[in-house]
Amino acid sequence: MTTSISQITQQEYVIPNILDDSAEVQNFLAKNIGKKVIVVQGLGFVGAVMSLVCANALTEEYAVIGIDLANENTYWKIKSINDGLFPLIADDPKIAEFFDNAKAKGNFLATYDPVAYQYADVIIVDINLDVQKQSHKKGGLKDFDVNLNGFKAAIQSIGRRCRDDVLVL
């Protein structure tokens, strides 16, 4: 049994052995019929907030699905969002307001299931790309490297499942 512990509440969540959330995705989409679907890959700070911004768009109503991995470090974020608790602490009061609005509208779902990509009109990729830098002793950049493995895996997962006419950002 693998678990994921919330960094905010310390609640422990059991990660399912069978990673199939398609029924929950279908149920969410059935409640949001007629809305364009935005899928945000990555529920770290940038992706989670991007999801809220999309769910609170001013000119159109969107159904927003945030996707992250079902692992020890991230599964708790998925569960927290769906349980009504935003998984990040921030000073900006708009974040809490936007999350409350999305909960009231029922237009934001978090999942680990890449099946959501097949329903997306737009996919926004928010994957962490840390730059590993090496500096000279007196300062200045000596060398750098970017690990693209997570990004490549995300793009491959999207490419296997998305429609031909999807916009990927």
Here the relative contact order (percent) of the chain, from C-alpha pairs under 8 Å and at least 6 apart, is 25
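Mean residue ellipticity at 222 nm from the helices of the chain, using -39,500 (n - 2.57) per DSSP H segment of n ≥ 4 over the full residue count, to the nearest 500 deg cm²/dmol?
Values: 5 runs with 55 residues, N = 169.
For the chain, the value works out to -10000 deg cm²/dmol.
With 19 Å as the cut-off, how large is the P(r) tail for the stretch 66-137, expressed as percent of Cα-Cα pairs? Could the numbers behind the result be given before it?
Working: 1267 of 2556 pairs.
Within the stretch 66-137, distances greater than 19 Å cover 50 percent of Cα pairs.
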Cα-based Rg and Dmax for the chain, in Å, come out at 17.2, 60
By the C-alpha gyration tensor axes a ≥ b ≥ c (rounded if a/c is under 1.5, else prolate when a/b exceeds b/c, else oblate), the shape of the stretch 1-64 is oblate
Expressed in square angstrom to the nearest 10, the accessible area of Asp143 with a 1.4 Å probe stands at 80
Given Cβ charges of +1 for Lys and Arg and -1 for Asp and Glu, the option among His136, Asn82, Ile124 whose Cα lies farthest towards the positive end of the dipole of the chain is His136
A convex hull over the alpha carbons of the stretch 94-169 yields, per residue, a volume in Å³ of 154
For Lys152, the lysines lying under 27 Å Cα to Cα, once residues fewer than eight places off in the same chain are dropped, come out as Lys36, Lys77, Lys79, Lys133, Lys142
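With both partners inside the stretch 1-87, how many of the DSSP beta bridges are antiparallel, as a percent to the nearest 5? Mind dumping the intermediate values first?
Values: 3 of 9 bridges.
If we restrict to bridges inside the stretch 1-87, about 35 percent are antiparallel.
With all distinct Cα pairs included, what does the Kirkwood hydrodynamic radius of the stretch 13-105 come out to in Å, to one decimal, could you say? Present the calculation step by step, with values, prior to reporting the outcome.
Values: mean 1/r = 0.0721 Å⁻¹.
Final number for the Kirkwood radius of the stretch 13-105 is 13.9 Å.
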Measuring from its Cα centre, the stretch 82-142 shows a charge dipole (+1 at each Lys and Arg Cβ, -1 at each Asp and Glu Cβ) which, in debye to the nearest 20, is 620
When the charge dipole of the chain is computed with +1 on Lys and Arg Cβ and -1 on Asp and Glu Cβ about the Cα centre, the Cα farthest towards its positive end, among Ile33, Val53, Gln10, belongs to Val53
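The values are calculated or read from the model by the stated rules, or taken from the named source; none is laboratory data. This one's a predicted model, so the numbers in the text were calculated from it and none came from an experiment. Methodologically, a virtual Cβ is constructed for each residue, glycine included, from the backbone with ideal geometry; neighbour enumeration extends over all protein chains shown. The area values use the complete protein model at the heavy-atom level, side chains included, leaving out ligands, DNA and RNA. Shrake-Rupley method; radii C 1.70, N 1.55, O 1.52, S 1.80 Å.
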